[in-house]
Amino acid sequence: MREIKNTKGPEDLFALFGNPVAQSLSPLMHLAAYGAMGIPARYEVF
């Protein structure tokens, strides 16, 4: 399992768990939306 490292400041963490998830476009879509709306968040896949 991957370790989740602390980041610069407070932010929300959203995640997609499953197998397979490597081809999922969810992280790209969510990160683009968070950035466009100025939401301090990240989206990880496990």
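Values quoted throughout were computed directly from the atomic coordinates according to the rules given, and no laboratory measurement underlies them. Note that the structure is a prediction, hence the values are computed from the model and not measured. Don't worry about glycine lacking a Cβ; one is built from the backbone with ideal geometry, like all the others, and counts go over all protein chains shown.
Laid out as a table, the results:
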read-out	value
Count - residues of the range 12-46 that are among the charged types (D, E, K, R) and either in contact (Cβ under 8 Å) with a residue 60 or more places away in the chain or out of contact with any helix residue (DSSP H, G or I) (no Cβ under 9 Å at 6 or more places or on another chain) (or both)	0
Residue in the range 20-42 that is among the charged types (D, E, K, R) and surrounded by fewer than 13 Cβ atoms within 10 Å (Cβ to Cβ) present	no
